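Before any comments, here is the structure.
The values are calculated or read from the model by the stated rules, or taken from the named source; none is laboratory data. Please read these numbers as outputs of a predicted model, since none were measured by experiment. No Cβ is skipped: glycine too gets one built from the backbone with ideal geometry, and neighbour counts run over all protein chains shown. Protein only, heavy atoms only, side chains kept; ligands, DNA and RNA dropped before computing areas. Shrake-Rupley method; radii C 1.70, N 1.55, O 1.52, S 1.80 Å.
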Amino acid sequence: MLVSGLERNFPVAGVCGVPPTAIAVALNVAVVQPTAEGFVTLYPTGESPPSSSTLNFRSGIVRANNAVIRLGAGGQIAVVYGVASGPAT
């Protein structure tokens, strides 16, 4: 579960067929029927969040975006989710 406004790190290198030597991954970020406006930001773990989000969304819409993310510390990506209230799963 992602809690709004908090960063969460996910291992990527060496997981689900991604080689342990990978330096970046291509992702499809999708939001389906959110209940509020918000955003999802992906970036290399250990770095500062970028000034713009990877995906912005509005209530009741389906939205997707492709992103290429460099892997950060330990082959991980950081995810920040922001919405007016409540968690996302």
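Per-residue SASA remark: residue 48, around 100 Å² accessible (1.4 Å probe; ligands, DNA and RNA not included). Accessible surface of residue 10, taken over heavy atoms with a 1.4 Å probe and every protein chain present, rounds to 70 Å². A DSSP coil position with no more than 14 other Cβ atoms inside 10 Å describes the following trypsin sites (Lys or Arg not before Pro) in the chain: 58. Estimated at the nearest 10 Å², the accessible area of residue 37 is 120 Å² with a 1.4 Å probe.
Its residues counted as N, the chain yields a C-alpha radius of gyration over 2.2 N^0.38 Å of 1.09.
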